[in-house]
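Participant: This is the structure I want to talk about, given as structure tokens.
The values are calculated or read from the model by the stated rules, or taken from the named source; none is laboratory data. All of these numbers come straight from a predicted model, not from anything done at the bench. All Cβ positions, glycine included, derive from the backbone under ideal geometry; neighbour counts span all protein chains shown.
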Amino acid sequence: MTFRYGVDGVAGFNLDGTEYLYKKDILNNVLEVLSTNNDILLQYTYDAWGNCKATINKSNDTISVVNDIANLCAQLNPFTYRSYVFDQETNLYYLNSRYYDPEICRFVTCDDIGILNSLQNNVNGLNLYAYCLNNPVCNIDPSGYFLIGLSIALGLLFAGTVIGSAVAGKVSYDKGNRGWDLVKDIFLGGALGLAAAGTLILTTGVGLGALSALTGFSLTFFGLSAVQMFAIGAVSYNIVACVVAPIYQIEMQPIEFDKPNTPNSNDSKPVVPHRAPQKFLGFISFIQKYLFTLLHIK
């Protein structure tokens, strides 16, 4: 059996000279294995934690429903739940850094204890064996390091905000500003720092996606996919561009999520620039579009 890979990871396999393709859902679960003629070879159903039930088909007639994933799914196709690799010998999912047991809904080894340093003020309830922050419906963890990657991204956003506020406050104070003028400058500096950090995360996500396309592997940054990093960075930047910038009457181009307005060659009316309320409504639309991606982070 030879596996085929695309930009989003494993896409199918070749078995005895015959090509088969995966049909997946938005969470990257393999729902069906299809032949090149679109005939269904296998069908899968899952609970939220990855316990799998497989149905094997032949000539569109159901032969049997097999509950033991080790005896059927792993023998014919180890990629099932979230496109993780199922290990037949241990009945565990391999997530590149750790093994996950869907029966007990936990990793069998703990997460990197170094993460406690970044969460030292908020460790109540943190379980280093927990899978997807105990929310497998909205999250995936293709590398076993999702919590670390998310903590790094949020830490960068926080650091950018603090550094921006500190620098802007120092400059404003040296210029003799006091009271509300000083507060406004500090707030603006923090917002610009947030936007800068979001741009850094967004750019890293774009670069990671390009590298994944070139190598054919689904690369992640400590568990965060390229799409997730783009979503985190873009949302952070657009908060500033669509909410804060209009208040200060600063022109900032939001991250495009629709086709930009272009003038019609037969229309002599000038193109009206976006006003603050329009930008805010556009930002709400952006959030609705990317929030699901941000949560699943695939």
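Participant: Could you please let me know if L126 is at pLDDT below 85, of a type in the set (A, V, I, L, M, F, W, C) and surrounded by fewer than 20 Cβ atoms within 10 Å (Cβ to Cβ)?
Facilitator: yes
Participant: Turning to a different aspect of this structure: Quick check: is even one residue across the stretch 215-238 in contact with a His (Cβ under 8 Å, 6 or more places away or on another chain), within 30 Å of S97 (Cβ to Cβ) and part of a helix (DSSP H, G or I)?
Facilitator: So far as the stretch 215-238 goes, yes, one or more of its residues are in contact with a His (Cβ under 8 Å, 6 or more places away or on another chain), within 30 Å of S97 (Cβ to Cβ) and part of a helix (DSSP H, G or I).
Participant: Identify, please: which residue in the stretch 149-172 is in contact with an Asp or Glu (Cβ under 8 Å, 6 or more places away or on another chain) and crowded, with 16+ Cβ neighbours inside 10 Å and is, among those, farthest from C132 (Cα to Cα)?
Facilitator: That would be S172.
Participant: Output the residues belonging to the stretch 4-27 that are buried (at least 19 other Cβ atoms within 10 Å of the Cβ) and among the hydrophobic types (A, V, I, L, M, F, W, C).
Facilitator: Listed by number, the residues that qualify are V10, F13.
Participant: Being in contact with a strand residue (DSSP E or B) (Cβ under 9 Å, 6 or more places away or on another chain) and of a type in the set (D, E, K, R): is that true of D16 here?
Facilitator: In short, no.
Participant: Just checking, which of G205, G176, G160, G169 is more than 26 Å from Q253 (Cβ to Cβ) and either within 16 Å of the chain's Cα centre (by Cα) or not in a loop (DSSP other than H, G, I, E, B) (or both)?
Facilitator: Result: G169 is the single residue among G205, G176, G160, G169 that is more than 26 Å from Q253 (Cβ to Cβ) and either within 16 Å of the chain's Cα centre (by Cα) or not in a loop (DSSP other than H, G, I, E, B) (or both).
Participant: Please go through the stretch 173-220 and pick out each residue that is among the polar types (S, T, N, Q) and surrounded by 16 or more Cβ atoms within 10 Å (Cβ to Cβ).
Facilitator: The answer is N177, T199, T204, S212, S218, T220.
Participant: Moving on to the next point. Looking at the stretch 221-254, which of the residues that are at pLDDT 85 or above and of a type in the set (V, I, T) is surrounded by the most Cβ atoms within 10 Å (Cβ to Cβ)?
Facilitator: Result: I232.
Participant: Another question, if that's okay. For residues that are among the hydrophobic types (A, V, I, L, M, F, W, C) and either part of a strand (DSSP E or B) or at pLDDT 80 or above (or both), tally how many sit in the stretch 94-123.
Facilitator: 5
Participant: Taking strands (runs of 3 or more DSSP E) that do not extend beyond the stretch 28-93, which have at least 2 residues that are at pLDDT 80 or above, hydroxyl-bearing (S, T, Y) and under 24 Å from V7 (Cβ atoms)?
Facilitator: Qualifying strands (runs of 3 or more DSSP E): 40-46.
Participant: Is it the case, given these coordinates, that A11 is modelled with pLDDT of 85 or more and farther than 30 Å from L154 by Cα?
Facilitator: yes
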